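Read through the structure below, which is laid out as structure tokens, and then see the notes.
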Amino acid sequence: METGQAGFAAVVRLVEGFNDIRGRDAGGTRVVPGESCSVSKGKEEPRRARRTDQVSLSRALRLSVPAEARPAPVNRRDWLRQRKEELQAARTAARQRRNLLRAEIMSAAQDIAREERSAARLEAERLKAEARSARTYAREDERAAAKFERGQPKRPAAKTKTLAKEKSKLVSYAELLRLRK
């Protein structure tokens, strides 16, 4: 048993030594002195390089603009107050535009309603005038027809078969047919 434990201990020492040489801990993960173990150095360095590039680019851009053209530095509270005022002014302007549009729309709707009412009134007047002229024409036609009739010679009345005075009583259908012949 001792030889087995001794052999195991030797293997553990060998592995620990190998890990020590390679810069790894007993679990096999890489150990870099002075850095946290959460992000590997291989991932951290490109990020850091990109960030420094961005910072240097933005600084170069800022410095490329002459000092008199650069905006004055503003603290956050003043910037927020100014932004709030701008937004309130924009809201007020939008509200005024909406009110103007609403007023224009209402005015146009009232104009349209007024025009429709006047058109309906004109149409009613036209129909009334047509009815009046139609009545006038009908009266004139009746007068002309009556005048024409008065000018015509009198026609003798058509002779109809009538019952004699004494036979003004109810008669049967057969008698009526006989009288008609």
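Just so it is clear, none of the values below were taken in a lab; they were calculated from the coordinates. Since the model is a prediction, treat every value here as computed from it, not as a measurement. Here Cβ is always computed from backbone atoms with ideal geometry, including for glycine, and neighbour counts include all displayed protein chains.
Per-structure values
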| item | result |
| --- | --- |
| Gain upon complete extension [residue 123, residue 174; 0.36 nm per residue less C-alpha separation] | 12.1 nm |
| Sites residue 63 and residue 97, calculated FRET efficiency, Cβ-Cβ separation with R0 25 Å, nearest 0.05 | 0.05 |
